[in-house]
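The values are calculated or read from the model by the stated rules, or taken from the named source; none is laboratory data. A quick note: this is a predicted structure, and the numbers were derived from the prediction, not measured. We place every Cβ from the backbone using ideal geometry, glycine too, and count neighbours over all the protein chains shown. Note: areas computed on protein heavy atoms with side chains; ligands, DNA, RNA excluded. Shrake-Rupley method; radii C 1.70, N 1.55, O 1.52, S 1.80 Å.
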Amino acid sequence: MKYLLRAVALVLLSSLVFAQNVPQKTFTWTAPTERIDNTPLPDSQLAEFRIYCDGDSNPIWTQTNEPNDADEWQAPDGTFAVGNHSCHATAVDTGGRESEPSNSVPFSVTLANPKAPVFVLQ
């Protein structure tokens, strides 16, 4: 257990209202810089990041940690169904050890109001 990574911090940016031309849903995180035994964890020892949602044991997204990569993921429209959701992130080191889950980010997805019908009188 002493080699486990400290958890990452996950943040969700932008509103989650599905409709055309709505901004992307962006998750950002802060990578851990030390292990739980307080020894340093260089970025070169982080292999990947994962995002899990709604209690699923399979991540909905995984990204390999590469130099100069942004610590964010934009979920495309249609990733989440209408309803309430909660996601967390983990980090995996080069030895395959996965961190404890980050803070959980709850959010709701709602449908946008439909456009008014077009009425033409002839």
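Observations
- Taking first residues from segment 36-64 that are on the phi > 0 side of the Ramachandran plot and partners that are open to solvent by less than 60 Å² (accessible area, probe 1.4 Å), the Cβ contacts under 6 Å between residues at least 6 apart in sequence or on separate chains come to D54/H85.
- Hits in segment 89-100 - residues which are open to solvent by 70 Å² or more (accessible area, probe 1.4 Å) and of a type outside the set (D, E): T94, R97
- Any hit, segment 12-25, residues being surrounded by 15 or more Cβ atoms within 10 Å (Cβ to Cβ), at pLDDT 90 or above and within 10 Å of the chain's Cα centre (by Cα): no
- When A70, A81, A31 are checked against the criterion of being open to solvent by less than 30 Å² (accessible area, probe 1.4 Å) and aliphatic (A, V, I, L, M), a single residue qualifies: A31.
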